[in-house]
Amino acid sequence: MSRIVAAVRASWATIWLFVIPKELWGLLCVWPTISLAVASHVWLPSGPGKRLIVLAGLWDLVMGFWLMVSAMKVQRDALAAILVNLRDCTYTPIGWDRILREGDAARIDERSLMSFMNRLGLPYEHKKGVRFFRVGIGRSGGMPGGLGVFNIPFVGAVVLVRDDPKEAGVEDRFCLYHELGHTLGDQFAVQSGLRKGVKLPFVTLVLAAAAVHPTPASLLVLGLCFVALLLVRGVLARRRRTLRAVYEMRADRFAIEFLDQAENQYLRENAESVLPRDEDLSPLEHLARVGAARAYIETGVPLPETDQVRSQLAFFLETQLPALNLGAWMILLAGFIGAPGAGLVRGFQWLIGITVVLAVLRFAIHYWKGILIEMILIQRVTWQDGRFRLRRGASRSPAPLT
């Protein structure tokens, strides 16, 4: 009975978080095609129009699934690439007790979005979702920078380190805790949402361009829809750039809390070289990070990033106003589509069918790549005689460091 309740609770949490829009931009971001189809049916009701609404809802679900796989695929592909590049290395699991001091686990849970989602009913736990491996370098060479962190949205994170955290120097330990900080909070969810951006509404407008009756008025309205969409895209891109520096500073503060007094003193004196560089940050932003880290070490009080209430309100207004504009133009555009013909509905059915097949194939490749990664990490698949081969018999995976 408890499993049934847990499954129902998880299903509702998933629907609430990812399916039900909370504001206008959320509606146009999650359900743009069905919104356009409903508006078209309101302008000119018809039997095919009702079928088009159902097909539009199915299309939005398929495209949402496609974009979700895309968000996960980027980091999983990067992890697979580095494992293939390292080839003949060993991967020793590292227990959390070698990374955290006694009592630190509670702070991890307090800040973990995974734990927050677990409380909502989704089966995520931070200690299960973030795994550490010490890489024993073979003939393929060393790890770039000695550290690799791969945050896979809604799956977890894999952290590859070159040295045992208990034996590593200050710089390596700071980098480890810094990257661990990136796995907390809402960063992976927000960044995935911002990366998704306007892709689904853009595809919807492309479909609308193929369905609309071409007249000077309809083409003008279609063009204005794209202009409004570009305005939203600009807001999201600016938000993504702003959050990049904010998240780096938050990860720095998180790492500082896990270092002892002597290590923090070393960090304060050498912050400019110790803090890991982010290629997406400008030199001025990096210096701001250095100043913020030094100030936090000296005072224990973080520098104010922004007025959070004002920042969130400004972002809400910046997205909702262009979304209101976009929604109005899409309603007008729906009037130019008119009652869909049988050919339009049939063509849309074929398009959805082909997209479903491609989406399933894409997910299957992504899924099997995940299995390959796991096989390499437990050393069931190893580099032998110039290629990866399946190792038979008992597993020779190194015992975990605890």
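Of 281, 176, 243, 231, which residue is of a type outside the set (Ser, Thr, Tyr), part of a loop (DSSP other than H, G, I, E, B) and over 27 Å from residue 55 (Cβ atoms)?
Details: 176 fails: part of a loop (DSSP other than H, G, I, E, B); 243 fails: part of a loop (DSSP other than H, G, I, E, B); 231 fails: part of a loop (DSSP other than H, G, I, E, B).
After applying the criteria, what remains is 281.
With respect to residue 313, determine if the residue is open to solvent by less than 80 Å² (accessible area, probe 1.4 Å) and assigned to a helix (DSSP H, G or I). Spelling it out, it is not the case that residue 313 is open to solvent by less than 80 Å² (accessible area, probe 1.4 Å) and assigned to a helix (DSSP H, G or I). Of all the residues that make up segment 318-332, how many are under 13 Å from residue 37 (Cα atoms) and under 32 Å from the mean Cα position of the chain (by Cα)? So the count comes out to 3. Residues that are more than 30 Å from residue 234 (Cα to Cα), open to solvent by less than 30 Å² (accessible area, probe 1.4 Å) and modelled with pLDDT of 90 or more are absent from segment 21-39 altogether. Contact map, segment 11-29: first residue closer than 18 Å to residue 67 by Cβ, second residue of a type in the set (A, V, I, L, M) and surrounded by 14 or more Cβ atoms within 10 Å (Cβ to Cβ), Cβ cut-off under 6 Å, separation 6 or more or different chains; pairs are 21/27; 21/30; 25/323; 28/323.
Only one entry in 253, 195, 240 is open to solvent by less than 70 Å² (accessible area, probe 1.4 Å) and touching a residue at least 40 places away in the same chain (Cβ under 8 Å), namely 253.
Checking the structure you have, find out if any residue of segment 355-364 is at pLDDT 80 or above, of a type in the set (D, E, K, R) and open to solvent by less than 60 Å² (accessible area, probe 1.4 Å). So that I can check it myself, show each step before the final result.
Keep residues of segment 355-364 that are at pLDDT 80 or above, which gives 355-364.
Going one step further and asking which of them are of a type in the set (D, E, K, R), we end up with 362.
So of that shortlist, the ones also open to solvent by less than 60 Å² (accessible area, probe 1.4 Å) come out as 362.
There is at least one residue in segment 355-364 that is at pLDDT 80 or above, of a type in the set (D, E, K, R) and open to solvent by less than 60 Å² (accessible area, probe 1.4 Å).
The set of residues in segment 239-254 that are under 17 Å from the mean Cα position of the chain (by Cα) and basic (Lys, Arg) comprises 239, 240, 241, 244.
Specify which of the listed residues (104, 97, 109) is at pLDDT below 80, farther than 24 Å from residue 28 by Cβ and within 20 Å of the chain's Cα centre (by Cα). Working first, answer last.
Values: 104 fails: within 20 Å of the chain's Cα centre (by Cα); 97 fails: within 20 Å of the chain's Cα centre (by Cα).
Within the list 104, 97, 109, the selection yields 109.
Within segment 212-228, which residues are out of contact with any Pro (no Cβ under 7 Å at 6 or more places or on another chain) and part of a helix (DSSP H, G or I)? 216, 217, 218, 219, 220, 221, 222, 223, 224, 225, 226, 227, listed by residue number. In the condition set (1) modelled with pLDDT of 90 or more; (2) among the polar types (S, T, N, Q); (3) more than 24 Å from residue 77 (Cβ to Cβ), residue 311 is compliant with all but (1).
Suppose the filter is among the β-branched types (Val, Ile, Thr), assigned to a strand (DSSP E or B) and modelled with pLDDT under 80; does residue 159 pass it?
Details: among the β-branched types (Val, Ile, Thr): yes; assigned to a strand (DSSP E or B): yes; modelled with pLDDT under 80: no.
So residue 159 fails the test.
Taking the listed residues 206, 212, 246, 227, the one that is under 18 Å from residue 32 (Cβ atoms) and open to solvent by less than 60 Å² (accessible area, probe 1.4 Å) is 212, with no other qualifying.
Scan segment 36-43 and give yes if some residue there is at negative phi, in a helix (DSSP H, G or I) and free of Cβ contacts under 8 Å to residues at least 12 places away in the same chain, otherwise no. Walk me through how you get there before you give the answer.
Looking only at segment 36-43, we keep the residues that are at negative phi, and these are 36-43.
Cutting the leftovers down to in a helix (DSSP H, G or I) gives us 36-43.
With the extra rule that they be free of Cβ contacts under 8 Å to residues at least 12 places away in the same chain, the set shrinks to none.
No, there is no match, as no residue in segment 36-43 is at negative phi, in a helix (DSSP H, G or I) and free of Cβ contacts under 8 Å to residues at least 12 places away in the same chain.
The values are calculated or read from the model by the stated rules, or taken from the named source; none is laboratory data. Since the structure is predicted, the reported quantities are computational estimates derived from the model, not experimental observations. So basically every Cβ, Gly included, is an ideal-geometry build from the backbone, and we count neighbours across all protein chains shown. Just so you know, the surface numbers come from the protein's heavy atoms only, side chains and all, with ligands and any DNA or RNA stripped out. Shrake-Rupley method; radii C 1.70, N 1.55, O 1.52, S 1.80 Å.
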